[in-house]
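Have a look at the structure below, then the notes.
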Amino acid sequence: MATHKHPLELQEELNKIAQELRIEALAMIHRRGQGHPGGALSAAEIVAALYFHQMRIRPKEPNWENRDRFILSKGHASAILYPALAKRGYFPEADIKDWGQIASHLQGHPDKNKTPGVDMSAGCLGHGISIGAGLGLAARISGLDFKTYVMVGDGECQAGVIWEGVMLAAKYKICNLITILDYNKVQLDGTVEEVMPMEPMKAKWASFNWNVIEIDGHDMKQVLASLDEACSCKEGPSVIIAHTVKGKGVSYMEGKAEWHYRVPTTDELKLAVEELDVNV
Amino acid sequence: MSTFKTEPTRKIFGEALAEYGAIDKRVVALTADVSSSVVTTIFAAKFPERFFNVGIAEQGMIDTAVGLALGGMTPFAATFAAMLLRTIEQIRTCVAYAQTNVKIVGAYAGLSDFKDGPTHNSISDVAMMRSLPNMTVIVPADSTEVRKMVPLIAQHGGIVYFRMSRNDMPSIFDNSHSVKIGKGITVLDGSDITIIANGHMLSRSIQAAEKLKTKGISVRIINMHTVKPLDTALIKKCAKETGAIVTAEEHSVLGGLGSAVAEVLSREYPVPVEMVGIADTFARTGPNHESLLDKYGMSVADITRAAQKVLKRKSD
């Protein structure tokens, strides 16, 4: 994988942003008393790389026709998306504190009609790949060159409709569709292995004729290189299988199903911020 | 009693879609392995780059249509209404809630797929679709109305559920027929009762009105092709002027046109209402569509009986 485009300074900057997003995500969840920390933290490097480097976007023109799209198909990770959108200037960072209040534009799960910068509403799992494929086809018909990035979860891949989209994207060779699988190995009820085993994950996607790239989803160098590789593929859709850790960066959350949906106490938040700050 | 010529409704839909697709390049068509049945084959032949056959993957079809709509297209996603029931979550979340401009065509609706039986009947689709916020629900009464509706649906700035029959529908209207989404049409004027009907039941209601006329009963008939948004002003006017209402639809009596009309009247102008439709039951396979309609409570005689019953209630 080519790395010359991604100097160390860029990687360090994006890693710093990822840590800041993590801290903000946990603070949001704590403040609101609701939310999904585990799957938000596992996605931090990828979201940072997309919004602060990879995607061609105009935050002041959120509906620009030829913008790259991002669909957070695993919509429960909204706590990592909202700080990224705020930090990129789609809406004031102060809005974050009202998350989940009735007057707030920030819903429990992302809502494209309420929050600037959200390209598609999500929450019920399984939709993102077919929707991303449709966007890819629309770009082809319109002669536009935007790309659609879709982030799916591993548990989400248990939904049959995911594979309907996977088949379709391969049939129509939708190269402008890039799927990132946040493979953190844990879902609500336990590990993916316990609830519904998904291995061999790589072989599943490859057998559907997708271009498969496997990376450590917390290694920024690999994240950036894999996105470039996926974008350069001309044969069909690409999936980046990003091996991640649920609750990454907070020792007591890492790999624990209970942190799929649990709110840190004040003391727990303090400890988490201390751990994350060290790495900033 | 009037007899009606029939026209090939599905083919007319397919031609209308292809014709409009030539005018508006943003129109795309999706289907789930039933393109020859819903006759999107005509569109596919003319515009292969704008036609997508997703295979037997209805949920994926709706979500793909959502993505196409997000990208500025006007997708028509067509399959059997019965099979669309498995996509109700896609339709709720990604179409209705997200407000994506998807046109959903529910073909072979009601009992019209008589030969394939209850698995292929769709008697709950109107109830389910109209309960979704942001949804427009249209049930055309004949092939001319189908043809006239297609461009209006494409131009309509929002989600539409377009309910189609499998069978050649009796022809009621000629080419001068004018339709507007959300506006009921007075097909026949009368003063004793109003029959509010749509789809296949409109032609049967016209036949019932002729029978009732011989008994001295003056019937008004409304073609309520749009179940949502409902023409509440017209319903209220009919209730005031005729004092009794019969609804007639090829759908369960739970949750469809009859329920929608009753919701309005109970709130705004209560008058006696009788509902003609399929009772809370599944139908059976039959030799043809017409005999199933007759067996399951939607015969001309069922309409006349309902009319006489509602008249009696009105005078009681």
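The values are calculated or read from the model by the stated rules, or taken from the named source; none is laboratory data. These figures come from a predicted structure and were not determined experimentally. All Cβ positions, even for glycine, are placed from backbone atoms using ideal geometry, and neighbour counts span all protein chains on display.
For this structure, a couple of remarks:
- Candidate set: the stretch B:151-165, residues that are touching a helix residue (DSSP H, G or I) at 6+ places or on another chain (Cβ under 7 Å) and part of a loop (DSSP other than H, G, I, E, B); chosen: the one nearest to B:Val300 (Cα to Cα): B:Ser165
- Residue list for the stretch A:263-280, filter: not β-branched (Val, Ile, Thr) and not in a loop (DSSP other than H, G, I, E, B): A:Asp267, A:Glu268, A:Leu269, A:Lys270, A:Leu271, A:Ala272, A:Glu274, A:Glu275, A:Leu276, A:Asp277, A:Asn279
- Note on the stretch B:130-148: residues that are under 25 Å from B:Arg86 (Cβ atoms), touching a residue at least 60 places away in the same chain (Cβ under 8 Å) and either touching a Phe, Trp or Tyr at 6+ places or on another chain (Cβ under 8 Å) or part of a helix (DSSP H, G or I) (or both) total 7.
- Per the conditions (1) over 26 Å from A:Glu229 (Cα atoms); (2) free of Cβ contacts under 8 Å to residues at least 60 places away in the same chain, the sole criterion not satisfied by A:Ala139 is (1).
- Residue that is surrounded by the fewest Cβ atoms within 10 Å (Cβ to Cβ) [pool: residues in the stretch B:84-116 that are in a strand (DSSP E or B) and free of Cβ contacts under 8 Å to residues at least 60 places away in the same chain]: B:Gly106
- In the stretch B:19-58, residue nearest to the other protein chains (Cβ to nearest Cβ) [restricted to those that are buried (at least 22 other Cβ atoms within 10 Å of the Cβ) and more than 26 Å from A:Ile162 (Cα to Cα)]: B:Gly21
- Scan of the stretch A:125-143 for residues that are in a helix (DSSP H, G or I), within 19 Å of A:Ser78 (Cβ to Cβ) and facing chain B (nearest Cβ under 7 Å), ordered by number: A:Ile131, A:Gly132
- Counted residues, the stretch B:93-119 - those being within 12 Å of chain A (Cβ to nearest Cβ) and either at pLDDT below 95 or within 19 Å of the chain's Cα centre (by Cα) (or both): 2
- Breaking point among (1) in contact with a Gly (Cβ under 6 Å, 6 or more places away or on another chain); (2) under 30 Å from B:Phe114 (Cβ atoms); (3) of a type in the set (D, E, K, R), for B:Asp231: (2)
- The listed residue being buried (at least 19 other Cβ atoms within 10 Å of the Cβ), of a type in the set (Ser, Thr, Tyr) and either out of contact with any Pro (no Cβ under 7 Å at 6 or more places or on another chain) or part of a loop (DSSP other than H, G, I, E, B) (or both), out of B:Ser291, B:Ser259: B:Ser259
- Scanning the stretch A:23-54 for residues that are farther than 24 Å from A:Arg69 by Cβ and among the charged types (D, E, K, R) yields a total of 2.
- Complete set of residues in the stretch A:144-164 that are among the aromatic types (Phe, Trp, Tyr) and either buried (at least 20 other Cβ atoms within 10 Å of the Cβ) or facing another protein chain (nearest Cβ under 8 Å) (or both): A:Phe146, A:Tyr149
- Of all residues in the stretch B:229-240, those that are small (Gly, Ala, Ser) have Cβ atoms under 7 Å from Cβ atoms of residues that are not in a helix (DSSP H, G or I), 6 or more apart or on another chain, in B:Ala239/B:Ile245; B:Ala239/B:Tyr269; B:Ala239/B:Val271.
- If you go through the stretch A:37-68 and keep only what is outside any helix (DSSP H, G or I) and surrounded by 24 or more Cβ atoms within 10 Å (Cβ to Cβ), you end up with A:Ser42, A:Ala43.
- Flag if B:Leu254 is in contact (Cβ under 8 Å) with a residue 12 or more places away in the chain, in a loop (DSSP other than H, G, I, E, B) and either surrounded by fewer than 24 Cβ atoms within 10 Å (Cβ to Cβ) or among the small types (Gly, Ala, Ser) (or both): yes
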